[in-house]
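Notes for the one structure printed next.
The values are calculated or read from the model by the stated rules, or taken from the named source; none is laboratory data. Keep in mind the model is a prediction, meaning the values are calculated, not measured. Don't worry about glycine lacking a Cβ; one is built from the backbone with ideal geometry, like all the others, and counts go over all protein chains shown. Only protein heavy atoms, including side chains, enter the accessible area calculation; ligands, DNA and RNA are left aside. Shrake-Rupley method; radii C 1.70, N 1.55, O 1.52, S 1.80 Å.
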Amino acid sequence: MAGEPVTTPAERAALVAAARTSIARGSKSFAAASKLFDPATRERAWLLYAWCRACDDIADGQDHGHGMSRVDDAPARLAMLRTKTEAALAGEVVGDMPFDALRVVVAETGMPHAWPRDLIAGFALDADEWRPRTEDDLYRYCYHVAGVVGCMMAVVMGVAPDDEATLDRACDLGMAFQLANIARDLDEDDRAGRCYLPTDWLVEVDIPPGEQLKPPYRPRLAMLARRMAIRGAAFEDSARRGTPALSPRAAWAVLAAAGIYGAIGRTVADRGERAWDARVTTSARDKLGFIARAGVQAWRRAKLYPPVPRDPALWTRPRTG
């Protein structure tokens, strides 16, 4: 039952400490935003991050998001992820920190089991060397690898698992993050043999398969990256409008993260053909600026983001029921 202890305080503290180390190594942006949560939410956010990070690392043969490479045993890796995740969802002690971290979060929040399974399904798409053909395919992928994480984080922040309207906005934030990541990492993905630009988009601008990073096609690629950034900005705006449903500190963290990741997408768009000459990052100074602005936005969120229906033109996540 949600809320019941599933491990001793000492064991839980050890999991939290390890998860804190994981987020510090894996994502300076998320680590910075997580400090804005109240202590209980912060710990659960770290625990959830540790599981998400570990799954991503195992699936992509990387270390805390660094050094992505082709893997020769993708089906075996995926099977292991599923086995350990199912054990954690069943409340079993896995003996592997990230999966025991998931076990704790699920038990403490009542998180629907469908969501971790949806994330694993996203890794299965990569294991099958799947590529998006249409824009809708792209959004479906973004949901599985990031939008559903937004839903999980919302429950960590206290949103009820059946609050569909707020969960839609939370999913929108994950979608915005992933679109920014894809635009930024086109070159890194290409080196790993991946491309998340819809085939329809590439055909539209006459870029041959696998040649999008070559100099002759950079202007066209920059146009597509700008399109992706614009799509991401629409999801980001929608997500911001869900923050009045959150506690002040949770809203602060969400708005800070939205500003930080939104800046990544905008910078990629602004750099044009040179967007992939050096990895786009957000400096520590800029992060502090976004955090400060987000504090003001969180305080004024009821006025800044009054209730409006979610844009029906935006892609909508699947329901778990």
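Summing +1 for each Lys or Arg and -1 for each Asp or Glu among the other residues whose beta-carbon sits under 13 angstrom from that of residue 231 gives -3. Reported value for region 212-321: 135 Å³ per residue, from the convex hull of its C-alpha atoms.
Rounded to 0.05, the FRET efficiency of the residue 213 and residue 8 pair, given R0 = 41 Å and the Cβ-Cβ distance, is 0.20.
By the combined test of axial Cα extent (at least 27 Å) and Kyte-Doolittle hydropathy (mean at least -0.5), the qualifying DSSP H helices of the chain come to 39-60, 164-184, 218-240, 248-271. The local environment of residue 201, defined by Cβ-Cβ distances under 9 Å, has a net charge of -2 under the rule Lys, Arg +1 and Asp, Glu -1.
Normalised by residue count, region 64-177 yields a Cα convex hull volume of 117 Å³ per residue. Here the gap between residue 279 and residue 223, fully extended at 0.36 nm per residue and compared with their Cα-Cα distance, gives a gain of 18.4 nm. Among 154, 302, 294, the largest mean-square fluctuation in a Gaussian network model of the chain, built with springs joining Cα atoms closer than 10 Å, belongs to 302.
Its Cα centre serving as origin, region 174-321 has a Cβ charge dipole (Lys and Arg +1, Asp and Glu -1) of approximately 840 debye.
Below 14 angstrom from the Cβ of residue 308, what's the summed charge of the other residues (Lys, Arg +1; Asp, Glu -1)?
+2
Positive-end ranking of 296, 17, 208 along the dipole of the chain, with charges on Cβ about the Cα centre, is headed by 296. Take the chain, connect every pair of alpha-carbon atoms lying under 10 Å apart with a spring to form a Gaussian network, then pick out the residue of 124, 14, 146 with the largest mean-square fluctuation. Residue with maximal mean-square fluctuation among 124, 14, 146: 14.
Between residue 163 and residue 73, the C-beta separation translates, for a Förster distance of 35 Å, into a calculated FRET efficiency of about 0.30. Using equal-weight Cα scatterers in the Debye expression, the normalised intensity of region 142-292 in log10 at q = 0.20 Å⁻¹ is -1.16. Heavy-atom accessible area with a 1.4 Å probe sorts 201, 315, largest first, into 315, 201.
Considering only 97, 153, 175, the mean-square fluctuation computed in a Gaussian network model of the chain, springs between alpha carbons under 10 angstrom, is largest for 97.
For the chain, lysine pairs separated by 8 or more sequence positions, or belonging to different chains, with Cα-Cα distances below 26 Å total 4. Take every pair of alpha-carbon atoms less than 8 Å apart whose residues are at least six positions apart; their mean separation over the length of region 182-302 yields a relative contact order of 31 percent. Computed per residue of the chain from DSSP H runs no shorter than four, each worth -39500 (n - 2.57), the mean residue ellipticity at 222 nm is -20500 deg cm²/dmol.
Applying the Kirkwood pairwise sum to the alpha-carbon positions of region 165-236 produces a hydrodynamic radius of 12.9 angstrom. Each eigenvalue of the Cα gyration tensor of the chain, multiplied by 5 and square-rooted, gives one semi-axis; in descending order these are 30, 24, 18 Å. Only Cα pairs under 8 Å and 6+ residues apart enter the sum, and on that basis the relative contact order of the chain stands at 18 percent. Relative contact order of region 76-171: 24 percent, from C-alpha pairs under 8 Å at least 6 residues apart in sequence.
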